[in-house]
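Notes to accompany the following structure.
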Amino acid sequence: EDQVTQSPEALRLQEGESSSLNCSYTVSGLRGLFWYRQDPGKGPEFLFTLYSAGEEKEKERLKATLTKKESFLHITAPKPEDSATYLCAVQATGGFKTIFGAGTRLFVKA
Amino acid sequence: DAGVIQSPRHEVTEMGQEVTLRCKPISGHNSLFWYRQTMMRGLELLIYFNNNVPIDDSGMPEDRFSAKMPNASFSTLKIQPSEPRDSAVYFCASTRSAGDYNEQFFGPGTRLTVL
C-alpha cells in the first residue's frame, strides 16, 4: 500500500537555526513527490515537485531533495514567517491519486 | 486570476440534512480534485476529474457522498444524508494537466460542521 510518513510531527526553531524535515514514502512506482506549505485556515500552497532520485530544487530559504525512499526539506536560516505546516505528497505511477503525509508543524521564534 | 473559489466557506447543518459544496476551478485548468482534511486522518483525496470526467473516486467514503462536474468551470460535492463524522474541512484543487504532474492550486476550503 502506498504510504507517506513525515517527521517530526512538530519542530520548534529559533530564527536563523537551520534544520530539515523528513518525508519517507512507499509507492509501487513514483510519478512525482510534492511539497506544500499550509498556513492556518488556508489551503495548501505548492512549493516543489521532484520526479527522480538525486533531484534537488530550491526556493528562497527552502531546498528539497529526493532519494529512492525519502525526501528532505531543508530550511536555511528560517524566519518567523516560515512558520507553517509543511505537507509532503506522492503520486504513484498508474494513476493520479495524490497521497499526503500528516505534515510537520514548524514554529520559528524570533 | 481569482484562484480556486469554494462556497460556502462555512457550513453548519444537522445530522440527516443534505449538504452541497461548490467549487469553481481556475480558468484553463482541466483537472479538479476534491479533498477532505481532518486532524485524525490528515488530507485525503476523495475524487478526481479530468476534462469533467470522474477518473478515480476510490477515496469517496460511502454512497452518501457524490460529486459532479457538469462543465469545466463548476463542480459540486454532495453529502446526503450528512453525519457528524463528516465534519471536516473540504478542499477543492485544480491543475492544468494531471498528466504533467503540475502543481495543484487549492481553494480556501469549506469548513463543514454536522451536529
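Read-outs: derived from the displayed coordinates by stated rules, not from any lab. Note that the coordinates shown come from a computational prediction; the quantities given were computed from them, not determined experimentally. All Cβ positions, glycine included, derive from the backbone under ideal geometry; neighbour counts span all protein chains shown.
In this Cβ point-charge picture (+1 for Lys and Arg, -1 for Asp and Glu), segment A:13-110 has a dipole of about 300 debye about its Cα centre. Multiplying each eigenvalue of the alpha-carbon gyration tensor of chain A by 5 and taking the square root yields semi-axes of 24, 14, 11 Å, largest first, rounded to whole angstroms. Less than 5 angstrom separates the built amide H of B:S87 from those of B:V114, all sequence-distant by 5 or more or on a different chain. Taking Cβ atoms as reference points and 14 Å as the exclusive limit, the residues near A:I99 contribute a net charge of 0, counting Lys and Arg as +1 and Asp and Glu as -1. Mean per-residue shielding of peptide A:32-44 is 4, counting Cβ atoms of other chains within 10 Å of each Cβ.
Working note: Karplus 6.51/-1.76/1.60 with θ = phi - 60° gives segment A:58-64 the couplings 10, 7, 6, 8, 10, 9, 10 Hz, where Gly and Pro are set to x.
Between the listed residues B:M60, B:A2, B:P84, the Cα displaced farthest toward the positive end of the dipole of chain B, a dipole computed from Cβ unit charges relative to the Cα centre, is found at B:A2.
Of the cross-linked pairs A:K57/B:K24; A:K63/A:K109; A:K97/B:K68; A:K97/B:K78, those separated by over 22 Å at the C-alpha level are A:K57/B:K24.
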